[in-house]
Amino acid sequence: MPRPPLPPYLTATASELVAERAAGADGADEDVHFTEHLATEVIERLSEPGDLVLDPFAGFGTTLLVADRLGRRGLGVELLPERVDVVRARVPAATIVEGDARGLHRLLPDAGPVALCLTSPPYRTANDHPHDPLTAYTLVAGSYASYLADLASIAQALRRILRPGGHLVLNVANIRHAGHTTALAWDVARAVGAVLPFQGETVVHWDTLPHDFTGDYLLTFRRES
């Protein structure tokens, strides 16, 4: 069995999040928890200068910012127009497309080959969470099962544009909410792993775990051929 391409542990701190919070973010965006340090570790290890790095849930542009800093070409998709504006201001060299990641085949018809897809999808718990995260929590729609199926469908679209040997890395946490623990990271690993072979997990060790987290992980998948 091949060795995982990322180390078993990486560190992150609450102070990093505060220092890196993008202009335009506010208290409603407190669940954004992917740091530049984590992005740097992944992008340096799993891509080379000049490679195309994709983030289909671009948010405030952390992946694209770090990709540009490291000499990679950044490509992102983001649903919320106000966040698209933030990314364009932060990373003028990156390409950012406004739209729903579930329509990647329409939004990015000519993209590829992608060396690395690095992203943190919006989270959904298995209970007490009727709003669909893939609509930016604006619609009461779907279910936990349909959410996982949607992530698998997005992975299928990513598989078509990842180069052979290219990687998908997802930052996903397990969550305790309303007295119930959702093993979101493991459920996402199973759903996406049915499309792209799962390579292993990296534990993100926080000095203070973000709100409701019981554990935070980088899940690595690889397109074999």
- segment 124-153: number of residues that are touching a residue at least 24 places away in the same chain (Cβ under 8 Å) and among the β-branched types (Val, Ile, Thr): 2
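Evaluate the following for residue 158: is it modelled with pLDDT of 95 or more and in contact with a Cys (Cβ under 7 Å, 6 or more places away or on another chain)?
Details: modelled with pLDDT of 95 or more: yes; in contact with a Cys (Cβ under 7 Å, 6 or more places away or on another chain): yes.
The answer is yes for residue 158.
Does any residue of segment 17-26 turn out to be surrounded by fewer than 21 Cβ atoms within 10 Å (Cβ to Cβ), at pLDDT below 95 and on the phi > 0 side of the Ramachandran plot?
Here is the first cut: in segment 17-26, the residues surrounded by fewer than 21 Cβ atoms within 10 Å (Cβ to Cβ) are 17-26.
Okay, now just the ones that are also at pLDDT below 95, so 17-26.
From what's left, on the phi > 0 side of the Ramachandran plot: 24.
Within segment 17-26, one or more residues are surrounded by fewer than 21 Cβ atoms within 10 Å (Cβ to Cβ), at pLDDT below 95 and on the phi > 0 side of the Ramachandran plot.
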- Note on the structure: Sole miss for residue 115 among (1) of a type in the set (Gly, Ala, Ser); (2) touching a strand residue (DSSP E or B) at 6+ places or on another chain (Cβ under 7 Å); (3) not in a strand (DSSP E or B) is condition (3)
- Query: Checking residue 112 against (1) of a type outside the set (S, T, N, Q); (2) surrounded by fewer than 20 Cβ atoms within 10 Å (Cβ to Cβ); (3) touching a helix residue (DSSP H, G or I) at 6+ places or on another chain (Cβ under 6 Å); (4) closer than 30 Å to residue 143 by Cβ, which test does it fail?
  - Reply: (4)
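Can you name the residue in segment 93-112 that is free of Cβ contacts under 8 Å to residues at least 24 places away in the same chain and assigned to a loop (DSSP other than H, G, I, E, B) and, of all such residues, is nearest to residue 49 (Cα to Cα)? It would help to see each step written out before you state the result.
First, the residues of segment 93-112 that are free of Cβ contacts under 8 Å to residues at least 24 places away in the same chain: 95, 97-99, 103, 106, 109-110.
Cutting the leftovers down to assigned to a loop (DSSP other than H, G, I, E, B) gives us 99, 109-110.
On the way: 99: 27, 109: 24, 110: 21 Å.
Applying the filter and picking the extreme gives 110.
Being farther than 22 Å from residue 164 by Cβ and modelled with pLDDT of 95 or more narrows it down to one of 56, 49, 81, so name that one. Spell out how you get there, then give the answer.
Details: 56 fails: farther than 22 Å from residue 164 by Cβ; 49 fails: farther than 22 Å from residue 164 by Cβ.
Among 56, 49, 81, only 81 is farther than 22 Å from residue 164 by Cβ and modelled with pLDDT of 95 or more.
Quick grid of which residues meet (1) in contact with a helix residue (DSSP H, G or I) (Cβ under 8 Å, 6 or more places away or on another chain); (2) modelled with pLDDT of 95 or more; (3) β-branched (Val, Ile, Thr):
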position: 143; (1), (2), (3): no, no, no
position: 147; (1), (2), (3): yes, no, no
position: 154; (1), (2), (3): yes, yes, yes
position: 163; (1), (2), (3): no, yes, no
position: 177; (1), (2), (3): no, no, no
position: 194; (1), (2), (3): yes, yes, no
position: 203; (1), (2), (3): no, yes, yes
position: 207; (1), (2), (3): yes, no, no
- Do you know which residues across segment 166-225 are surrounded by fewer than 16 Cβ atoms within 10 Å (Cβ to Cβ) and touching a Gly at 6+ places or on another chain (Cβ under 8 Å)? 203, 224
- Task: Examine segment 52-59 for a residue that is surrounded by 21 or more Cβ atoms within 10 Å (Cβ to Cβ), acidic (Asp, Glu) and either under 17 Å from residue 116 (Cα atoms) or touching a strand residue (DSSP E or B) at 6+ places or on another chain (Cβ under 6 Å) (or both), and state whether such a residue exists.
- Result: yes
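Suppose we keep only residues that are within 16 Å of residue 121 (Cα to Cα) and either aromatic (Phe, Trp, Tyr) or more than 11 Å from the chain's Cα centre (by Cα) (or both) within segment 62-75. Which one would you say is surrounded by the most Cβ atoms within 10 Å (Cβ to Cβ)? If you could, list the steps in order and put the result at the bottom.
Here is the first cut: in segment 62-75, the residues within 16 Å of residue 121 (Cα to Cα) are 62-64, 75.
With either aromatic (Phe, Trp, Tyr) or more than 11 Å from the chain's Cα centre (by Cα) (or both) added as a condition, the list becomes 64, 75.
Working: 64: 30, 75: 24.
Looking at the filtered set, the residue picked out is 64.
The values are calculated or read from the model by the stated rules, or taken from the named source; none is laboratory data. Not measured: the values here are computed from a predicted model. Backbone-built Cβ (ideal geometry, glycine too); neighbour counts: all protein chains shown.
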